[in-house]
Amino acid sequence: MPILSVKNLSKTYPKFQLNHVSFTLEKGYIMGFIGRNGAGKTTTLKSMMRLVYPHSGEVIVDGLDFNQNEFECKQKIGFVLGGVDYYPKKKIKTITEVTKRFYKSWDEEAYLGYLKRFELDQDKRIDELSAGMRVKYSLALALSHHAELLILDEPTSGLDPVSRDDLLNLFQELIQNEDKSILFSTHITSDLERCADYITYIKDGNIIYSEDKETFLNRFLEISGKQDQLTPELEKHLVGMRKHRFGFEALIASQQEINLSSYEISKPNLESIMIHLERD
């Protein structure tokens with residue numbers, strides 16, 4: 001049974017629509033949720049958690065309908081939403097004392113361990129923390145009640161390279177040693193190259209791909225050539241083409257009957273695929 005199943009989730013705003021978003025995350029895996037700013041990532045996560053109320057669709061967490069079992073589902077989820085600020089003049093320990101009352105499985109020993117790992121001082125006020133340290137504090141709270149599913153919005157944003165590396169190591173430890181599952185949105189595609197098992201890609205409120213990372217990466221080849229090599233027949237098959245004074249570059253589906261021997265062909269990474277898909 002999947003740890004998370006999102007089915008036909010929709011939300012309409014005056015200038016944006018989330019359209020029948022559906023994807024599934026199996027237990028013990030990491031899913032990267034990607035798309036450009038405004039594509040619907042945060043709206044999807046907020047709708048899943050009922051921070052905004054979707055107009056249709058359902059969310060199933062470990063077999064439980066979120067809408068009918070919200071309290072039980074939230075006990076199973078560690079949620080970190082980007083851009084949420086705590087009371088700035090309150091100390092960390094004060095906010096923690098309030099927060100932990102909401103969770104039946106709060107683990108004080110685990111919490112203190114994460115504070116130590118993230119080098120967080122309980123006596124500091126929130127307004128004394130950098131943006132990266134606030135992210136770490138949010139993660140410490142999310143990880144300290146034995147959540148089975150972590151849902152994280154831009155968790156590595158604002159972290160320095162060393163802290164990002166430590167966090168990604170932690171993600172992999174949680175998957176391997178504690179059988180947790182992680183869904184996280186990010187713009188830092190290199191993080192997903194390193195640790196994601198699955199990729200869900202959203203564009204203009206629509207899920208266009210949701211599949212294992214290797215399948216996604218193998219969908220396309222990156223192709224480039226000179227201007228006189230850009231034939232009408234080839235152009236019909238290109239995705240996100242960019243022309244420049246030396247020629248062109250684009251994606252092309254890896255399964256093609258066109259002879260590509262005269263072109264420069266390479267395997268794209270996640271960043272390159274994302275750039276080309278957003279041009280298309």
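The values are calculated or read from the model by the stated rules, or taken from the named source; none is laboratory data. Worth saying up front: this structure is predicted, and the values here are computed from it rather than measured. No Cβ is skipped: glycine too gets one built from the backbone with ideal geometry, and neighbour counts run over all protein chains shown.
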| task | Working only within the stretch 235-246, note down all residues that are under 23 Å from LEU270 (Cα atoms) and surrounded by 10 or more Cβ atoms within 10 Å (Cβ to Cβ). | result | GLU235, HIS237, LEU238, VAL239, GLY240, MET241, ARG242, LYS243
| the stretch 42-74, subset in contact (Cβ under 8 Å) with a residue 24 or more places away in the chain and in contact with an Asp or Glu (Cβ under 7 Å, 6 or more places away or on another chain), residue surrounded by the most Cβ atoms within 10 Å (Cβ to Cβ) | LEU45
| remark: A careful count of residues in the stretch 31-62 that are farther than 13 Å from PHE79 by Cβ and assigned to a strand (DSSP E or B) gives 8
| remark: Of (1) touching a Ser or Thr at 6+ places or on another chain (Cβ under 8 Å); (2) surrounded by 17 or more Cβ atoms within 10 Å (Cβ to Cβ); (3) assigned to a loop (DSSP other than H, G, I, E, B), ALA147 satisfies every one except (1)
| Which condition number does GLU119 fail, the rest of (1) in contact with a Gly (Cβ under 8 Å, 6 or more places away or on another chain); (2) not in a helix (DSSP H, G or I) being met? | (1)
| task | Filter the stretch 75-92 down to the residues that are under 22 Å from the mean Cα position of the chain (by Cα) and loosely packed, with under 12 Cβ neighbours inside 10 Å, then identify the one that is farthest from LEU183 (Cα to Cα). | result | ASP85
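From GLY28, GLY78, GLY113, grab the single residue that is under 26 Å from GLN172 (Cβ atoms) and either in a strand (DSSP E or B) or charged (D, E, K, R) (or both). Spell out how you get there, then give the answer.
Numbers: GLY28 fails: either in a strand (DSSP E or B) or charged (D, E, K, R) (or both); GLY113 fails: either in a strand (DSSP E or B) or charged (D, E, K, R) (or both).
The unique qualifying residue is GLY78.
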| query | For the stretch 113-170, what are the residues that are β-branched (Val, Ile, Thr), under 17 Å from PHE33 (Cβ atoms) and modelled with pLDDT under 90? | reply | VAL135, THR156
| When you go through ASP228, ASP204 one by one, which is the residue that is without any contact (Cβ under 8 Å) to a residue 60 or more places away in the chain and either surrounded by fewer than 19 Cβ atoms within 10 Å (Cβ to Cβ) or charged (D, E, K, R) (or both)? | ASP228
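Test THR99 against the criterion of being within 17 Å of the chain's Cα centre (by Cα) and either in a loop (DSSP other than H, G, I, E, B) or of a type in the set (Val, Ile, Thr) (or both), and give yes or no. First the steps, then the outcome.
Values: within 17 Å of the chain's Cα centre (by Cα): no; either in a loop (DSSP other than H, G, I, E, B) or of a type in the set (Val, Ile, Thr) (or both): yes.
The answer is no for THR99.
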| message | Tell me yes or no: at least one residue of the stretch 253-271 is part of a helix (DSSP H, G or I), surrounded by fewer than 17 Cβ atoms within 10 Å (Cβ to Cβ) and not assigned by TED's automatic domain parsing to the domain that holds GLY38. | response | yes
